[in-house]
Amino acid sequence: MNQPQTSAEDVRIAESSGDQNQYLTFQIGHEMFAVGILHIREIIEYGSLTTVPMMPEFVRGVINLRGSVVPVIDLSARFGRGESTVNRRSCIVILEVEGSTGDEDQLQEVGIIVDAVSEVLEIPPTEIEPAPGFGARIRADFIAGMGKVQGQFVILLNVDQALNTRELAELDSTVDAPRDGYDS
Amino acid sequence: MTTMATALQTFLDESRELLSDMELLLLAMESRSGEPELQNALFRCVHTIKGSAGMFGLDHVVDFTHVVENVLDRLRAGEIALSRDLANLLLRCRDHISLLVEVPEPSEAAALQPGGVVLLAGLEPFHSCAGSSHAQTDSTEPVAAEASRKCRIDIRIHADALRHGMDPLGFIRFLGTLGDVAAVRTLEEKLPVLGDMDPETCYLDFEIDLVTSADRIAIENIFELASDLYQIEVQDQCPVTEVDPVAAPLPAQPDTDESVESAAPGAEEQADTSQQNRRRKQVQHFRIQADKLDNLINLVGELVISSAAVSLGAEQSGDTPARESAANLNLLVEAIRDSSLDLRMVPIGETFQRFQRVVRDVASELGKDIELVVTGADTELDKTVVEKIGDPLTHLVRNACDHGVEAPAARSQKGKPTRGRVHLNAYHESGSIIIEVSDDGGGLSRERILAKAMERELVRPDAVLTDQDVFNLIFEPGFSTVEQVTNLSGRGVGMDVVRRNIESLRGTVELVSPGVLGGTTFRIRLPLTLAIIDGFMARVGDATYVVPLEMVVECTELSAEQQLGAEQHYINLRQEVLPLIRLRAHFKLSGELRKRQNIIVVRHGGQKAGLIVDELLGENQTVIKPLGGIFSNLRGLSGSTILGNGQVALILDVPTLIQQVARQEDAANRGFQSHARPRLSAS
């Protein structure tokens with residue numbers, strides 16, 4: 001019950017010690033991605049996922065995270081690259097994103113499936129290039145920037161966009177939407 | 001200071017209650033005006049408010065209620081009769097009092113002054129015509145009928161009284177409004193030596209002689225607010241007429257507690273029983289802060305989940321004593337769950353009663369004569385649901401009065417009684433509560449709705465719609481068939497909001513015409529609670545689903561020959577047609593069909609359906625966890641729950657599931673029809 005509080009405190013401590021340049025890097029498919037460490041809540045083993053029917057394929061299901069039910073998103077499917085296959089090193093990274101549904105602007109927990117978690121890196125702002133106009137094969141607004149790490153680029157994700165709750169909710173109506181039943 | 005705030009909150013709560021009583025009484029008196037009980041009760045309401053307000057020094061409340069009280073007093077004395085005008089006026093006075101009470105500072109009440117002045121002017125003829133002689137001063141206000149007598153009031157005050165803001169002086173002053181304070185004796189035996197005295201502690205007790213016609217209860221009521229700080233004994237003494245107050249045996253009375261007891265054992269006994277009465281009252285009702293209760297219910301939810309885990313563990317360990325204890329624990333947890341949820345259950349009657357006033361006001365504004373009939377008032381539902389259902393209901397009731405019931409002239413033309421009826425009804429049905437709002441008006445015209453819908457381009461001209469589809473159109477945004485917009489309704493804002501509000505409570509609303517009384521009936525179906533339910537678990541593929549147990553009628557195996565036709569969507573269940581929903585197919589789940597399949601027969605409203613599942617897992621207690629934001633548009637699932645083994649199970653929303661399947665089928669059929677018979681439009 002007091003988890004949000006502690007997390008808020010963590011964030012504050014983190015901010016004061018200059019953690020905003022720290023990123024967690026992980027692999028999805030063959031590409032490296034990174035998410036600001038302040039968005040990360042925890043990393044758990046992949047498993048005991050409950051599939052939610054009638055949802056698009058990028059919603060892999062829900063898990064029980066110590067008593068609260070958290071959705072798990074397959075980013076690979078979200079980027080239109082097909083469902084990711086689960087391997088031995090697959091993990092679920094629990095992120096905190098802005099819950100933009102309705103009037104509650106509190107943080108929401110969302111899990112993403114990653115093929116492997118690499119490490120936490122420090123990427124100073126000087127080492128971050130703006131996102132390319134095209135070429136990344138990912139919607140431009142999902143990318144916060146391109147980080148240079150040892151001569152390689154990693155894609156810094158804008159998780160608030162990529163996991164935007166409202167957008168995800170609107171995408172889910174694969175089955176008939178009862179309200180528009182009349183004029184069809 | 002916080003205790004003072006608590007006391008003030010108590011006053012507010014109490015006043016709100018009294019004011020709603022007052023409204024009901026006034027409405028009841030319109031039909032049964034002669035009953036002295038109602039008149040007395042009404043008087044007491046206002047009197048108590050005035051009394052409590054006086055104690056808090058809320059002069060603006062006291063001043064106004066005082067006049068109202070005078071009028072009511074004359075009413076109960078039979079000096080004036082309750083005309084419709086007076087009833088109207090008193091209802092408006094009630095509203096004004098409720099405004100006044102909510103204003104915390106007398107200074108802020110100035111804004112309400114003009115309204116009050118108008119009302120007071122209206123009351124003028126009722127309280128001054130006969131008796132200017134006794135209307136003006138407080139002390140003479142308890143009128144005539146009862147003989148004045150002298151009471152001895154013995155007040156023992158707790159040392160903390162001053163710290164709690166319960167200044168004895170306020171009480172004593174206020175006693176003056178009940179009668180004449182003939183004598184006040186200060187008992188100062190508790191006073192310490194000056195050096196030890198704490199200025200915030202109350203050391204004094206009082207004995208007061210009061211000449212009054214008010215009865216013991218009325219006197220005790222004054223102190224009710226501070227009942228834990230003030231011990232009151234009221235002893236009746238001889239009527240004033242017989243005994244000279246000065247010569248009353250007061251000075252002879254010793255001034256310590258013990259001797260009072262010995263001197264007047266009878267009175268002591270009486271006081272004792274009255275205290276017992278009060279204690280009994282406290283047992284009956286207990287105010288709890290709502291969030292404390294919510295917190296408790298959250299904890300009970302966690303407890304339910306943990307105890308499921310314990311049971312599972314015990315089951316797996318195979319240890320018999322452990323299993324027995326777990327079973328016992330489960331029973332207890334179930335009982336705790338039920339009784340804690342029960343705490344939040346309130347009868348819907350209170351909500352219904354509010355509509356007496358709504359109907360009355362709307363009717364008089366529209367020049368109609370409408371009676372509100374209420375049944376099923378003791379049907380209980382969760383307080384959180386009750387709070388949210390008020391607005392949609394108000395809307396439906398106003399609609400029934402405005403659009404449903406016809407004007408008197410039109411009614412008599414049709415040979416109906418001129419007095420229209422609006423009926424509010426509530427009952428339980430398979431795990432839901434049903435609330436019906438019916439009117440005996442003309443009902444809805446399918447043609448008019450359809451015409452309007454086409455005008456608004458809500459339906460295509462060639463659409464083929466069932467009656468139900470057509471009626472459901474009125475829940476579309478921006479829909480209204482009434483030509484002229486009244487200030488009550490008709491703007492078409494509302495019905496869509498009503499539906500949205502009800503759906504946000506996991507409920508449904510439908511319209512039936514002709515309804516129960518011949519006009520229209522709105523039927524609202526709501527879940528009894530939003531927190532914990534009894535569920536029935538079943539497995540489809542790898543996933544576990546939960547069906548609310550109240551909806552489950554029976555379970556049966558799908559026999560081999562029934563399984564053969566995958567195209568078959570109904571079976572013969574004991575000579576009844578049972579439509580089937582193949583969950584695996586409907587949810588587009590992959591995986592092999594099992595050899596054996598089972599049917600869960602569920603009922604929603606009048607509709608039965610069979611859910612085909614792989615395996616039946618039995619009952620469990622289901623703590624409803626809402627699915628997060630990204631599932632907000634998902635239909636057919638109402639939430640999730642966590643099982644004993646830590647897995648998440650999804651809760652089926654049977655009503656929308658049935659609706660979904662029906663619509664899909666409908667859409668398929670309609671597609672076929674419009675091919676076969678193009679332009680067979682609903683005209």
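The values are calculated or read from the model by the stated rules, or taken from the named source; none is laboratory data. Being a predicted model, the structure only gives us computed values, none of them experimental. Every residue, glycine as well, gets a Cβ built from its backbone with ideal geometry; the counts of neighbours run over all protein chains shown. Heads up: the accessible areas ignore ligands, DNA and RNA and are worked out on the full protein's heavy atoms, side chains in. Shrake-Rupley method; radii C 1.70, N 1.55, O 1.52, S 1.80 Å.
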Please list, by residue number, every one of the trypsin sites (Lys or Arg not before Pro) in the stretch B:334-420 that is coil in DSSP and has at most 15 other beta-carbon atoms within 10 Å. B:K414, B:R419
Relative contact order of the stretch B:340-381: what whole-number percent is it, with Cα pairs under 8 angstrom and at least 6 residues apart? 60
Distance from the Cα centre of the stretch B:33-76 to that of the stretch A:19-63, in angstrom? 66
Prolate/oblate/rounded call for the stretch B:311-370, Cα gyration tensor, a/c under 1.5 rounded: prolate
If each residue of separation counts as 0.36 nm, what is the full-extension length gain between B:A309 and B:E503 once their alpha-carbon separation is subtracted? 66.6 nm
Do any GluC sites (Glu not before Pro) in the stretch B:385-482 lie in a loop, going by DSSP, with at most 14 other beta-carbon atoms within 10 Å of their beta carbon, and if so which? B:E457
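Can you bin the stretch B:38-97 into rounded, prolate or oblate? Criterion: square roots of the alpha carbon gyration tensor eigenvalues sorted a ≥ b ≥ c, rounded for a/c under 1.5, prolate for a/b above b/c, oblate for the rest.
In terms of gyration-tensor shape, prolate.
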Given Cα pairs under 8 Å that are at least 6 residues apart, what percent is the relative contact order of the stretch B:290-343? 48
Carbon-plus-sulfur fraction of the accessible area of the stretch B:346-527, 1.4 Å probe, in percent? 48
For the stretch B:290-343, the Rg and Dmax computed from alpha carbons only, in angstrom: 12.8, 42
First select every other residue whose beta carbon is under 11 angstrom from the beta carbon of B:L424; then total the charges, Lys and Arg +1, Asp and Glu -1. 0
If I compute solvent accessible area with a 1.4 Å probe over the protein chains, what percent of it on the stretch B:532-667 is carbon and sulfur? 48
Once both label points are put 7 Å beyond Cα along the C-beta direction, the B:R163-B:H569 separation in nm becomes 7.3
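What does the C-alpha gyration tensor say about the overall shape of the stretch B:346-527? Classify as rounded when a/c is under 1.5, otherwise prolate if a/b is larger than b/c, or oblate.
Oblate.
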In nm, to one decimal, how far is the B:V373 label point from the B:E665 one, both placed 7 Å along Cα→Cβ? 3.6
Against the rule of thumb 2.2 N^0.38 Å, how large the Cα Rg of the stretch B:532-667 comes out: 1.02
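Give me the inter-chain shielding for B:631-641: mean count of other chain Cβ atoms within 10 Å, whole number please.
Counting other chains' Cβ atoms within 10 Å and averaging over B:631-641 gives 6.
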What is the percent of Cα-Cα separations in the stretch A:19-170 that go past 28 Å? 15
Ignoring ligands, DNA and RNA, how much accessible area is buried between chains B and A, both sides summed, with a 1.4 Å probe, to the nearest 100 Å²? 3000
